[in-house]
Amino acid sequence: MMIYLKSLNSGSGGMKDMEKSITLIGLPGCGKTTVGNLLSDKLKYEFVDMDFYIENKQQKSIIELFRNGEDYFRNIETETCKVLGEKSKTIISSGGGVIKKSINIEYLKKNSIVVFIDRPVENILGDIQVEKRPLLANGKEVYINYMMKDMIYIKNFVIIELKIQEAWTK
């Protein structure tokens, strides 16, 4: 996997920025967890996968939570963003749908540099697993295309954008 920095709108945070967390956002299957683990190891930051965090706190799987409706899950996700947005020196791998509520990004930006992972859609569609992704059950192509609209909007809130290209072939 090769990662390219596409843009950076740097502020004048200096040392204060070194205490911030890094939140990874992007389409489901773009590599947030993979990149998050790599960054966590490299920076010696705590790593939090938002979906696993929610599952641990709620004592239910994401699929079970979705059985109560997407709005029910999104409200839990928003509360999670509020909590995780206060953390320092943490790599946060968000859920793919976290961008569906702009307040989530605002909570995460409080103490985090938000990074958008831009992986080619055709690569995501080629290897994404739908078993643990309730929103993909009705067709991953339809959902990914739907999410692309939100991603275009959310890029306005992102400080850093990463381009990812696979360094291997299938």
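If you check ILE99, ILE117, which single one turns out to be at pLDDT 80 or above and part of a strand (DSSP E or B)?
ILE117
Limited to segment 16-29, what total is found for residues that are part of a helix (DSSP H, G or I) and not aliphatic (A, V, I, L, M)?
3
Those residues that are open to solvent by 80 Å² or more (accessible area, probe 1.4 Å), closer than 18 Å to LEU108 by Cα and either touching a Cys at 6+ places or on another chain (Cβ under 6 Å) or assigned to a helix (DSSP H, G or I) (or both), I need them from segment 30-78; list them, please.
PHE52, ASN75
The values are calculated or read from the model by the stated rules, or taken from the named source; none is laboratory data. This is a predicted model, so every value here is computed, not measured. Backbone-built Cβ (ideal geometry, glycine too); neighbour counts: all protein chains shown. Please note that ligands, DNA and RNA were not included when accessible areas were found on the heavy atoms of the full protein model with its side chains. Shrake-Rupley method; radii C 1.70, N 1.55, O 1.52, S 1.80 Å.
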